[in-house]
Ligand code: GLU
């Protein structure tokens with residue numbers, strides 16, 4: 001494939017971008033990069049009633065955080081702009097009128113009140129009102145009026161909408177790259193509004209027109225848009241644009257952790273995990289929704305976990321860099337069934353990507369935390385510390401919890417461990433260990449290990465008991481990284497001081 005590959009991510013700025021939206025952006029990006037094509041950002045903001053200030057900026061920031069940089073877009077520019085639909089308003093009407101002229105659409109003058117009344121009447125009969133082939137000939141539109149009447153109403157400025165008209169009883173055949181052939185009976189479709197007399201197109205018209213005018217070759221979007229496909233395909237055909245119609249690929253839903261239903265904001269609130277890439281403060285209510293970035297996720301981990309929601313490399317490989325994803329990605333490997341979101345697995349991905357960060361980068365992040373605690377950083381010591389702490393954390397912010405005892409003496413001792421480990425004979429044993437350590441030279445992890453193990457063996461002590469008691473003296477509890485490494489890091493003097501303090505305080 002070639003430069004002719006052009007894909008777009010077309011979010012509506014109606015609130016924070018959901019991770020499902022970010023996955024759509026990612027798949028479009030991967031496809032574009034893989035084939036040397038263009039990744040376009042198009043802001044679909046024609047529905048001004050749902051416009052939320054800050055949402056477009058949020059989209060830009062989320063894409064930038066994940067390194068999914070558009071080639072064309074409102075900020076990037078490009079040869080097919082403008083890339084905000086509200087700035088393309090004048091373009092759309094001509095296509096709506098063309099559809100009317102060709103007999104594929106019509107003017108409808110029914111007021112919102114009239115339609116509301118009809119909905120209620122139908123509801124009372126236990127039915128649903130649908131504006132379609134069964135009802136359209138009984139309503140106030142250009143199909144039921146004389147042409148002169150329609151023209152008069154329009155010239156008088158009576159508000160109208162333009163609706164697409166499906167011929168009933170037709171099989172609409174479409175191809176989806178994920179699902180194969182899809183066939184829909186046109187009788188099941190309603191006459192969707194394409195354009196309003198205030199000059200604004202609806203999503204359907206603007207979307208189809210822009211995909212053609214922006215020479216989009218592939219539409220990769222969420223499954224929730226699959227029901228719109230018959231309308232879109234019918235519009236391409238009616239406008240005689242079939243040869244310019246993009247290929248379609250609809251991505252499977254992202255499901256709740258239980259696998260039942262679509263992942264929602266509420267699932268995140270209930271389960272304590274973010275469903276948005278970045279933190280979002282609702283400009284109206286002030287409500288704050290957590291974001292992956294602020295929760296300490298690495299963008300690399302986010303990308304990796306999103307890539308595997310609905311796409312399968314066909315191997316057991318789970319860890320991917322963005323570059324590897326670009327290499328491996330193909331639409332053919334997108335699945336049809338919903339992809340369950342697993343918040344625990346999300347943490348696992350972060351843990352794994354944390355292990356891959358260059359040591360210096362992690363060291364800088366850890367130093368920042370130390371600085372906040374008023375602790376200075378020495379390059380050599382950090383070099384020793386990073387490999388000890390890194391395997392023990394899922395997030396950088398967990399560093400202090402796992403590492404404080406490298407810098408501070410324990411102030412208290414975990415009562416459960418004390419109860420279990422501190423016996424009558426313990427102080428004497430710990431003193432023997434102390435004596436050994438005083439003479440242990442060099443004071444390196446490997447050498448300390450050898451000496452301590454020798455002492456344990458010579459005296460026939462239980463390794464677990466001795467090590468855990470020693471750990472209790474050094475860190476105040478029974479958990480932490482390898483003790484010999486910790487001892488080397490602390491140095492002989494500090495190890496002895498901590499042991500003396502512990503023996504003194506626990507022996508009363
Ligand atoms: N504006 C639509 C959305 O918000 C775009 C759907 C499409 O990609 O066609 O998801």
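The values are calculated or read from the model by the stated rules, or taken from the named source; none is laboratory data. The model shown is predicted, which means the values in this text are computed figures rather than measured ones. Heads up, the Cβs are rebuilt from the backbone with ideal geometry, glycines too, and the neighbour counts pull from every protein chain shown.
List the helices (runs of 4 or more DSSP H) that sit entirely inside region 354-451 and contain at least 3 residues that are at positive phi.
Working: elements: 359-372, 379-389, 399-403, 415-421, 426-439.
Helices (runs of 4 or more DSSP H) meeting the threshold: none at all.
Sort out which residues of region 339-364 are crowded, with 16+ Cβ neighbours inside 10 Å, over 22 Å from residue 253 (Cβ atoms) and in contact with a helix residue (DSSP H, G or I) (Cβ under 6 Å, 6 or more places away or on another chain), and write them in order of number.
350, 353, 362, 363
Would you confirm whether any residue within region 159-178 is free of Cβ contacts under 8 Å to residues at least 12 places away in the same chain and surrounded by fewer than 16 Cβ atoms within 10 Å (Cβ to Cβ)?
Quick first cut of region 159-178, residues free of Cβ contacts under 8 Å to residues at least 12 places away in the same chain only: 173.
Still in the running and surrounded by fewer than 16 Cβ atoms within 10 Å (Cβ to Cβ): 173.
Taking every residue of region 159-178 in turn, at least one turns out to be free of Cβ contacts under 8 Å to residues at least 12 places away in the same chain and surrounded by fewer than 16 Cβ atoms within 10 Å (Cβ to Cβ).
Scanning region 204-250 for residues that are more than 10 Å from the ligand (Cβ to nearest atom) and part of a strand (DSSP E or B), which turns out farthest from residue 98 (Cα to Cα)?
This residue is 249.
Enumerate the pairs (first residue in region 3-18 and on the phi > 0 side of the Ramachandran plot; second residue anywhere and more than 10 Å from the ligand (Cβ to nearest atom) and part of a loop (DSSP other than H, G, I, E, B)) with beta-carbon separation below 8 Å, excluding pairs fewer than 6 apart on the same chain, so at least 6 apart or on different chains.
15/52; 15/282
Only residues that are away from the ligand (no atom under 13 Å from the Cβ) and touching a residue at least 60 places away in the same chain (Cβ under 8 Å): list them for region 19-60, please. Spell out how you get there, then give the answer.
Taking region 19-60 as the starting set, the residues that turn out to be away from the ligand (no atom under 13 Å from the Cβ) are 19, 26, 29-39, 48-49, 53-54, 57-58, 60.
The answer is 19, 26, 30, 31, 33, 34, 37, 48, 53, 54, 58.
What do you reckon, is residue 45 closer than 30 Å to residue 313 by Cβ and touching a strand residue (DSSP E or B) at 6+ places or on another chain (Cβ under 9 Å)? Before you say what the answer is, go through the steps one by one.
Values: closer than 30 Å to residue 313 by Cβ: no; touching a strand residue (DSSP E or B) at 6+ places or on another chain (Cβ under 9 Å): yes.
For residue 45, the condition - closer than 30 Å to residue 313 by Cβ and touching a strand residue (DSSP E or B) at 6+ places or on another chain (Cβ under 9 Å) - is not met.
Please indicate, with yes or no, whether at least one residue in region 485-499 is modelled with pLDDT under 95 and assigned to a loop (DSSP other than H, G, I, E, B).
no
Run down 94, 67, 84, 50 and say which single residue is surrounded by fewer than 22 Cβ atoms within 10 Å (Cβ to Cβ), over 15 Å from residue 215 (Cβ atoms) and touching a strand residue (DSSP E or B) at 6+ places or on another chain (Cβ under 7 Å). Can you show your working first?
Details: 94 fails: touching a strand residue (DSSP E or B) at 6+ places or on another chain (Cβ under 7 Å); 67 fails: touching a strand residue (DSSP E or B) at 6+ places or on another chain (Cβ under 7 Å); 50 fails: touching a strand residue (DSSP E or B) at 6+ places or on another chain (Cβ under 7 Å).
The match here is 84.
So, residue 399, is that one touching a strand residue (DSSP E or B) at 6+ places or on another chain (Cβ under 6 Å), surrounded by 18 or more Cβ atoms within 10 Å (Cβ to Cβ) and closer than 21 Å to residue 298 by Cα or not? Spell out the reasoning first.
Working: touching a strand residue (DSSP E or B) at 6+ places or on another chain (Cβ under 6 Å): no; surrounded by 18 or more Cβ atoms within 10 Å (Cβ to Cβ): yes; closer than 21 Å to residue 298 by Cα: yes.
No, not satisfied.
Quick check on this structure: which one of 32, 10, 25 is under 12 Å from the mean Cα position of the chain (by Cα) and surrounded by 24 or more Cβ atoms within 10 Å (Cβ to Cβ)? Please lay out each step first, then the result.
Values: 32 fails: under 12 Å from the mean Cα position of the chain (by Cα); 10 fails: under 12 Å from the mean Cα position of the chain (by Cα).
Matching residue, one of 32, 10, 25: 25.
Are any residues in region 285-304 touching a residue at least 40 places away in the same chain (Cβ under 8 Å) and assigned to a loop (DSSP other than H, G, I, E, B), and if so, which ones?
The answer is 292, 293, 295, 296, 297, 298.
What is the number of the single condition among (1) surrounded by fewer than 17 Cβ atoms within 10 Å (Cβ to Cβ); (2) within 16 Å of the ligand (Cβ to nearest atom); (3) within 22 Å of residue 23 (Cβ to Cβ) that residue 261 does not meet?
(2)
Looking at residue 196, is it within 16 Å of the ligand (Cβ to nearest atom) and more than 30 Å from residue 30 (Cα to Cα)? Break it down into steps so the answer makes sense when it comes.
Values: within 16 Å of the ligand (Cβ to nearest atom): no; more than 30 Å from residue 30 (Cα to Cα): yes.
It is false that residue 196 is within 16 Å of the ligand (Cβ to nearest atom) and more than 30 Å from residue 30 (Cα to Cα).
Here's a check for you: in region 413-431, which residue that is loosely packed, with under 14 Cβ neighbours inside 10 Å and touching a helix residue (DSSP H, G or I) at 6+ places or on another chain (Cβ under 9 Å) is modelled with the lowest pLDDT? Steps first, answer last, please.
Going residue by residue through region 413-431, those that are loosely packed, with under 14 Cβ neighbours inside 10 Å are 415-416, 419, 423-425, 428, 431.
Next cut, touching a helix residue (DSSP H, G or I) at 6+ places or on another chain (Cβ under 9 Å) only: 423, 431.
On the way: 423: 92, 431: 97.
Once the filter is applied, the top-ranked residue is 423.
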